[in-house]
Amino acid sequence: MRRGRRRRVTPLLAAIAVASCLGLPHPAVAAPEPPPLTVMVADTDTMGRVLTDPDGRTLYRFDRESDGDIACFRVCTDTHKPLLNPPGAELRLPPGIAGTLGTVARPDGGDQVTYDGSPLYSYAGDLQPADTNGVGLFWHVINPLNAPVPAETTG
């Protein structure tokens with residue numbers, strides 16, 4: 001008969017086991033912090049430098065929204081996806097980009113990311129990073145005024 005290796009029970013595990021049996025509260029374990037949500041900048045073929053989500057999808061603003069009032073919900077969000085901030089995530093802009101990121105509570109739940117007060121959306125019809133198919137009568141890309149110009153590469 002083969003003898004198995006005995007595992008050591010650490011003092012913390014033993015304390016948790018005893019506390020569980022006695023009905024005592026478990027020691028608090030800190031939840032990991034979510035990674036930051038960074039709004040990026042990308043070059044487009046037709047609209048210049050624009051704000052994008054972390055995956056490179058162009059971000060849009062809706063003219064019919066102001067002062068934290070959300071007008072795009074229900075059916076509208078089938079094509080215009082709100083950029084939501086994961087609970088507790090820090091919002092970041094790339095270095096050198098002016099403007100302020102914030103959030104606004106959506107009527108259908110969640111906190112939507114804003115840039116200088118405008119709620120941000122991606123567009124379902126944008127298939128590749130930096131596509132700008134969502135521009136329309138009331139929908140616009142966001143061109144940060146001070147977006148740095150990328151260095152030219154030689155090759």
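Derivation of every value follows stated rules applied to the coordinates shown; laboratory data play no part. This is a predicted model, so every value here is computed, not measured.
Structure notes:
- The tail of the calculated P(r) for the range 42-155, taken as Cα-Cα distances beyond 21 Å, holds 35 percent of the pairs.
- Cα centroid separation - the range 39-77 against the range 107-148, whole Å: 0 Å
- Stretchable slack from Gln128 to Val75, in nm (0.36 nm times residue separation minus alpha-carbon distance): 16.8 nm
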